[in-house]
Amino acid sequence: MAVRKLGSIRFRARSAGALLLPALWLMTAGSAAALDNGLAKTPPMGWNSWNKFHCNVSEKLIRETADAMVATGMRDAGYVYLVIDDCWQVDRDAQGNIVPDPKRFPSGMKALADYVHSKGLKFGIYSDAGRMTCQKRPGSRGYEFQDARQYAAWGVDYLKYDWCHHGKQNSEASYALMRDALAKAGRPIVFSICEWGSTKPWLWAGDVGNLWRTTGDIQDCWDCKRKWGGLGWTQILDQQVGLEVYAGPGHWNDPDMLEVGNGGMTTEEYRAHFTMWCILAAPLMAGNDLRNMTDEIREILTNPEVIAVDQDPLGKQGVKVRDDGDLEVWAKQMADGSRAVALLNRSTKKQEIAVQWTEIGYPAHLKAAVRDLWKKQDLGTATGRFSAEVPGHAVVLVRIRP
């Protein structure tokens, strides 16, 4: 069996019959120092424009999305950050100030932020550590402190900071510079590092950003792969194994934004995608059109018991405790001593998946209550193990309480 090394963690590669070390997921979360800005004590939740709208962003879209976040119950479920991604900016003025697109954002960013805030939401924006953004709009290189002051003046609460057109810049130094700029801007701003895992940010970003991307861009599919680096969500999931020791309150691994509701997968596949992001204690940034959302998608995104797994205050990232080829068991330690356990079936056929108590840190003789978090049903008590029939490309998520 192949053994890979990631950071300081050694683990067995994914293969049929592989049994991951049960002790791995019990390791202390957050071995790196956390960014001390008092923010993101649980994984940030919100909405980002990129996955659905790409460059087609506007003041009208953001206002309507803010309205929809309230009307659909997304805000009340915890989604509070409304983030405009690339393409809002077009130039710099004679003083070097960043200029929003006057046609798409005629009222300006301060007025738009005020509207977002009036809905009980927080306002987020996007820039790049290079001289240009990924869509070749002005980046922040050389303007870090000026941009940070401008964002604070507008009322920005969240900055996603990309890594295009960076030349020979050092990633750690570039992101630390913007961290320092934000700290001096006079407003609390969540700092989202987006360098795609290219320089292993989990090794250095714990005291630089509140979250950091660990992989290339997510795609709206189960396991497709794009030539330019886009990945299906299960491929991204595989790359999170071994990173759990670097995450914790204030500093999170970010496997990218959610694709739930964008049309490329089935409802079951979206439910599995959302479940695994919650097991990972990942930031939950919805990326669909909230103005035109089906009841099924809304119910996935707003399930309070599943969201509670992601938002658990202990801040433990879940881990894979067993890998039997297409059948996987993932577990997350919760603040009350319970375990959230995901039984993931990556095959196309219904199969039974079992979890042993000893795999999740409990003694075999322990009697525990089991609750299905998607069905919102108590399943009774079990001793030593639990099993369930899991449909193809689907997941069963339970909470096990001694």
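The values are calculated or read from the model by the stated rules, or taken from the named source; none is laboratory data. No experiment lies behind these values; they were computed from the predicted model shown. Please note: Cβ atoms are built from the backbone with ideal geometry, for glycine as well, and neighbour counts cover all protein chains shown.
Worth pointing out:
- Flag if TRP25 is at pLDDT below 95, surrounded by 15 or more Cβ atoms within 10 Å (Cβ to Cβ) and in contact with a helix residue (DSSP H, G or I) (Cβ under 8 Å, 6 or more places away or on another chain): yes
- When the range 73-96 is filtered for residues that are surrounded by fewer than 18 Cβ atoms within 10 Å (Cβ to Cβ) and farther than 30 Å from CYS278 by Cα, the ones remaining, listed by number, are VAL90, ASP91, ARG92, ASP93, ALA94, GLN95, GLY96.
- When ASP91, ASP36, ASP85, ASP76 are checked against the criterion of being of a type in the set (D, E, K, R) and modelled with pLDDT under 95, a single residue qualifies: ASP36.
- Scanning the range 252-275 for residues that are part of a strand (DSSP E or B) and of a type in the set (Asp, Glu) turns up at least one hit.
- The range 253-305: number of residues that are buried (at least 22 other Cβ atoms within 10 Å of the Cβ), touching an Asp or Glu at 6+ places or on another chain (Cβ under 8 Å) and among the charged types (D, E, K, R): 2
- Taken over the range 39-91, residues that are closer than 14 Å to TYR158 by Cβ, assigned to a loop (DSSP other than H, G, I, E, B) and over 19 Å from the mean Cα position of the chain (by Cα) amount to 1.
- In the range 198-240, the residues that are assigned to a strand (DSSP E or B) and without any contact (Cβ under 8 Å) to a residue 24 or more places away in the chain: LYS225, LEU231
- Boolean, ALA388 is within 25 Å of GLU268 (Cα to Cα) and surrounded by 14 or more Cβ atoms within 10 Å (Cβ to Cβ): yes
- The residue that is nearest to GLN311 (Cα to Cα), among those in the range 333-342 that are in contact (Cβ under 8 Å) with a residue 60 or more places away in the chain and either outside any strand (DSSP E or B) or touching a helix residue (DSSP H, G or I) at 6+ places or on another chain (Cβ under 6 Å) (or both), is MET334.
- Filtered residues of the range 241-251 (kept if out of contact with any Pro (no Cβ under 8 Å at 6 or more places or on another chain) and not in a strand (DSSP E or B)): VAL241, GLY242, LEU243, GLU244, VAL245, TYR246, ALA247, GLY250
- Hey, SER107 of a type in the set (Ser, Thr, Tyr), assigned to a loop (DSSP other than H, G, I, E, B) and free of Cβ contacts under 8 Å to residues at least 60 places away in the same chain or not: yes
- Condition broken by VAL99, with the remaining ones in (1) assigned by TED's automatic domain parsing to the domain that holds ILE218; (2) aliphatic (A, V, I, L, M); (3) crowded, with 21+ Cβ neighbours inside 10 Å satisfied: (3)
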